[in-house]
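Here the structure comes first, spelled out in structure tokens, and everything after it is commentary.
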Amino acid sequence: MPTSKSPSKSPSKSPATTTTTTTKRPKKTGEARTTNARATARAEAPSTETPEAATIASAADAAGEGEPQRLPTALVYDEAFLDHHVPEDFPETPDRLRMAIGMIEALLADGSLPQDQVLRLAPRAATIEELSTVHERAHVERLRMAVESLMQQGATPETPRKFASEVYISTGSYTAATRAAGAALTALDAIGEGRARNAYALVRPPGHHATSDTAMGFCLFNNVAVAARYAQQRWGWRKVLIVDYDVHHGNGTQDIFYEDGEVVYFSTHQSPLYPGTGASTETGAGEGLGATINVPLPAGSGWSVFDPIFRQVLWPVADRLKPDVVLLSAGFDAHWCDPLGGLMLCTADFSDLTLEVQEIADRYCDGRLVAVQEGGYNLDAVAQCASTVLFALTGSDKVVDNLGLPPPLNYRWNEEAIVQALYDLHDLTGYRRKPRRIQVRPGWE
Ligand SMILES: [Zn+2]
């Protein structure tokens with residue numbers, strides 16, 4: 001895996017953006033090193049698309065020098081996730097995870113990702129009782145019986161059948177879905193038992209659109225919601241913060257906890273976009289009033305908006321809740337290369353957003369954070385973001401990226417107005433730290 005910093009190593013895909021970003025970032029010790037290393041990674045990005053070829057930015061490893069030994073990050077994955085089959089042209093395909101795990105395994109094999117920092121775990125299946133803490137039992141049964149009937153009819157494993165709006169199933173779907181929900185529970189157990197510091201449940205089908213009684217939007221069970229209830233009931237972590245940076249609004253997660261004051265749901269998402277929910281005025285009801293924080297963003301929004309939103313809205317929300325555990329709905333369809341979304345995050349941004357969420361977990365709950373895979377439909381972006389997020393969870397700011405920066409915009413959003421509106425709406429106080437880095441793009445100068 002190439003980690004050389006020589007810019008002449010390979011041609012750049014986006015030399016202009018790389019240069020701009022490098023020169024404009026703050027020249028502070030740790031940050032500058034990270035910054036330069038990341039920019040270099042972009043400059044070096046080779047054009048080939050194999051996992052081995054993606055460049056890693058070698059930067060200061062937070063897990064490194066002088067710090068006490070930290071527990072590993074649990075990586076929960078199962079080949080059964082690949083047995084949930086969909087029609088040929090469907091975006092939510094097994095290849096998403098096949099490529100992601102392939103890249104992660106290559107990074108582990110060549111030592112880029114230290115093996116002692118990653119604890120590989122196989123998920124158990126969530127039980128019907130556990131699924132029923134957020135789903136109606138009839139919803140669980142409906143899926144189980146639909147899959148059973150496919151088997152009885154002798155359907156081949158690769159043959160999908162329509163099950164709900166934007167949802168297909170195959171003979172492997174029930175096992176895949178119960179293990180996808182169970183993966184986050186396996187992760188929480190590893191953390192609760194002191195075997196892991198935090199975790200990444202690399203799963204499919206995704207979950208955040210599934211409501212208590214409806215499968216929709218590629219989702220069968222709401223994995224992150226099942227995890228939130230399990231964290232409360234099994235581990236006594238009552239106050240749960242769910243951060244969702246998928247490009248779509250997690251309508252299912254919002255619905256399930258809409259009247260729950262102990263589970264705070266914070267979502268950044270493109271608006272308007274599927275599924276159409278997630279207005280900032282949807283703030284919860286009853287005991288949950290104020291515990292839903294929606295940040296709808298216009299297409300084209302990127303780091304310049306996400307950075308202040310996370311620092312000045314998410315942080316005060318977290319400060320107010322003081323979570324016992326943090327769950328991250330980690331969708332990578334807000335990446336600028338995603339075919340379904342119109343937001344403009346690059347891979348390095350996912351590192352920073354994840355590090356920011358980890359910092360919240362570090363501050364309030366001994367680092368207890370479980371990232372649960374949601375969307376992301378550009379296969380390269382998913383694999384590279386998954387690898388990058390795994391690095392972030394291990395405490396490293398390394399970025400695996402050969403996609404580079406989004407195309408330049410000739411305008412920018414009034415971030416201050418967006419933040420102020422949310423600040424007022426949610427009666428927030430205080431905000432966190434200086435920007436992780438300054439983003440300047442061509443056209444803004
Ligand atoms: Zn999505």
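The values are calculated or read from the model by the stated rules, or taken from the named source; none is laboratory data. Predicted, not measured: the structure shown is a model, and the values here were computed from it. Note that we place each Cβ from the backbone using ideal geometry, even for glycine, and neighbour counts take in every protein chain shown.
With respect to Glu193, determine if the residue is without any contact (Cβ under 8 Å) to a residue 24 or more places away in the chain, more than 16 Å from the ligand (Cβ to nearest atom) and within 23 Å of Asp255 (Cα to Cα). Quick ask: steps written out before the conclusion?
Details: without any contact (Cβ under 8 Å) to a residue 24 or more places away in the chain: yes; more than 16 Å from the ligand (Cβ to nearest atom): yes; within 23 Å of Asp255 (Cα to Cα): no.
Here the answer is no, as Glu193 does not meet what is asked.
Would you point out which residue out of Ser267, Ser271 is within 16 Å of the ligand (Cβ to nearest atom), among the hydroxyl-bearing types (Ser, Thr, Tyr) and under 16 Å from the mean Cα position of the chain (by Cα)?
Details: Ser271 fails: under 16 Å from the mean Cα position of the chain (by Cα).
None of the other options fit; the residue is Ser267.
Under the condition of being buried (at least 24 other Cβ atoms within 10 Å of the Cβ) and of a type outside the set (A, V, I, L, M), which residue from segment 207-216 is farthest from the chain's Cα centre (by Cα)? Among those that are buried (at least 24 other Cβ atoms within 10 Å of the Cβ) and of a type outside the set (A, V, I, L, M), it is His209. Taken as a whole, the condition of being surrounded by 24 or more Cβ atoms within 10 Å (Cβ to Cβ), within 15 Å of the ligand (Cβ to nearest atom) and either under 16 Å from the mean Cα position of the chain (by Cα) or within 20 Å of Gln254 (Cβ to Cβ) (or both) does not apply to Ser351. The residue list Arg204, Arg229 contains one member that is within 16 Å of the ligand (Cβ to nearest atom) and either buried (at least 24 other Cβ atoms within 10 Å of the Cβ) or farther than 21 Å from Thr388 by Cβ (or both), which is Arg204. What are the residues in segment 370-389 that are among the small types (Gly, Ala, Ser) and either over 8 Å from the mean Cα position of the chain (by Cα) or farther than 23 Å from Pro323 by Cβ (or both), if any? Within segment 370-389, Gly375, Gly376, Ala381, Ala383, Ala386, Ser387 qualify. Hey, any hits in segment 158-177 for a residue that's within 16 Å of the ligand (Cβ to nearest atom), crowded, with 24+ Cβ neighbours inside 10 Å and under 30 Å from Pro323 (Cβ atoms)? No, segment 158-177 has no match at all. Meeting the requirement of 2 or more residues that are under 28 Å from Ala125 (Cα atoms), at pLDDT 95 or above and of a type outside the set (S, T, N, Q), the helices (runs of 4 or more DSSP H) wholly within segment 221-317 are 223-235, 251-256.
Which of the residues that make up segment 50-89 are at pLDDT 50 or above and among the hydrophobic types (A, V, I, L, M, F, W, C)? Listed by number, the residues that qualify are Ile56, Leu71, Ala74, Leu75, Val76, Ala80, Phe81, Leu82, Val86. A count restricted to segment 93-111 and to residues that are part of a loop (DSSP other than H, G, I, E, B) and more than 21 Å from the chain's Cα centre (by Cα) stands at 2. Could you check segment 354-386 and list, in sequence order, the residues that are hydroxyl-bearing (Ser, Thr, Tyr), surrounded by 24 or more Cβ atoms within 10 Å (Cβ to Cβ) and farther than 28 Å from Val317 by Cα? Listed by number, the list is empty, since nothing qualifies.
From the list Glu166, Glu136, the one residue that fits, being in contact (Cβ under 8 Å) with a residue 40 or more places away in the chain, at negative phi and among the acidic types (Asp, Glu), is Glu136. Each residue in segment 172-220 was checked for being within 15 Å of Ala122 (Cα to Cα) and hydroxyl-bearing (Ser, Thr, Tyr), and 4 of them qualify. Residue count for segment 246-257 under the criterion of being near the ligand (Cβ under 10 Å from one of its atoms) and touching a residue at least 60 places away in the same chain (Cβ under 8 Å): the result is 4.
Condition test on Ala381, is it touching a Cys at 6+ places or on another chain (Cβ under 6 Å) and either within 16 Å of the ligand (Cβ to nearest atom) or closer than 17 Å to Gly250 by Cβ (or both)? Spelling it out, Ala381 is indeed touching a Cys at 6+ places or on another chain (Cβ under 6 Å) and either within 16 Å of the ligand (Cβ to nearest atom) or closer than 17 Å to Gly250 by Cβ (or both).
To keep it simple, each residue is scored yes or no on (1) without any contact (Cβ under 8 Å) to a residue 60 or more places away in the chain; (2) within 16 Å of the ligand (Cβ to nearest atom).
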residue: Pro316; (1), (2): no, no
residue: Val325; (1), (2): no, no
residue: Ser329; (1), (2): no, yes
residue: Asp333; (1), (2): no, yes
residue: Leu343; (1), (2): no, yes
residue: Arg363; (1), (2): yes, no
residue: Tyr377; (1), (2): no, yes
residue: Ser387; (1), (2): no, no
residue: Val399; (1), (2): no, no
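Of everything in segment 319-343 that is crowded, with 24+ Cβ neighbours inside 10 Å and among the hydrophobic types (A, V, I, L, M, F, W, C), the residue that is farthest from Glu92 (Cα to Cα) is Val325.
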